[in-house]
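Working notes, structure below.
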Amino acid sequence: MPFEHINTPSIFMRLMNHMLHAFIGKLVVMYFDDILIYNKNLNEHIDHLRNILHVLCKEQLYGNLKKCIFCMEKILFLRYVVTTQCIEKDEEKVKVIQDWPTSKSVTEVRSFYKLVELVREGTIQRYWLEQDLLYAKGGRIFVLKGALQKYLMTETHDPQWAGHPGRERMVALLSQTYYWPKMEDDVELYVRTCLVCQQDKTLRQREAGLLQPLPIPERPWVSVSMDFIVGFLKVDGMNTIMVVVDRFTKYAMFVAAPTVCTAEVAAELFYRNMVKYFGVPSNIVSDRDVRFTGKFWTALFNMIGTRLKFSTANHLQIDGQTERINALLEEYLRHYMTAM
């Protein structure tokens, strides 16, 4: 399998499916680099084996001869014993169930019963046992319903580093390592019933009407958006945050600003924290704050060749990126204050 690529397993599976699509379901069962060729008789098997090897050689894919087994009537494939008559359970799996400790509650009995049913009814490509853990497709650990599922959701959602993510982000984080049926529904219920989320997060809905977004920049820091968040508690004379977002990379900068932040002060902060490191942008997107529409600000940026683009009322999609970052920052700050 190739390495140093993004989504390597998915890419390799797609490659194998593309190469062997004419044989899959007819004489081949394949999972990643495990290929099982099955036939009714030995002569037919040898012919089909020659065809498969020819396809692999043509695509410059080669197997390790030490790991290959040929012309067998009984073989272990994906943790199952495949014979000429049927598919049997691996004895090691059965031993795990036989050595399972005695259940002491109704919940434990139900969990054990579900595990037995999964091993009994699971297909070759969906579940397998390894080191007393039940794995699901994709190499993820199968989590039985109960307290462990609630604990994993709590650890993914509630800590300060997590920032109380929404449904999509939580599902993405959990599904990297774990799997259980209806995970999306459980995560959605957990997020909707989280007290902190209900208190701190704002209600979002799609804007009505036709969207008219700005053109996409060609490289980083040639187009930025700006806004101010006011009303914070004063710390060292600062109670305002200047938000600057690069429209290409979505990289955001948060700069503490004084209570009275004039256009002159805003220009100085913009130069020290943005222009100093990334250069002068070609254009700046902002709302019609008096600091941005005043003579000093407009004259300054006209002189250095930066075009000012102002959003209009009831057209938040023009500067929606900064507004979204503002809301996200406010949510994180509320979460941290709530946890303190």
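Near Lys309, the amide H atoms lying under 5 Å from its own belong to Ile284, Val285, Ser286; only residues 5 or more places off or on other chains count, and H is placed 1.01 Å from N.
Report the local net charge at Lys40: Lys and Arg +1, Asp and Glu -1, summed over other residues whose C-beta lies under 15 Å from its C-beta. Once positives and negatives cancel, what remains is -2. In this simple spin-label model, placing a label point 7 Å from the Cα along the Cα-to-Cβ direction at both Lys95 and Arg50 gives a separation of 4.1 nm.
Rule-based calculations on the coordinates, nothing more; no lab input. Just so it is clear, the structure is predicted and the values come from calculations on it, not from any experiment. Ideal geometry is used to build each Cβ from the backbone, glycine not excepted, and the neighbour counts take in all protein chains shown.
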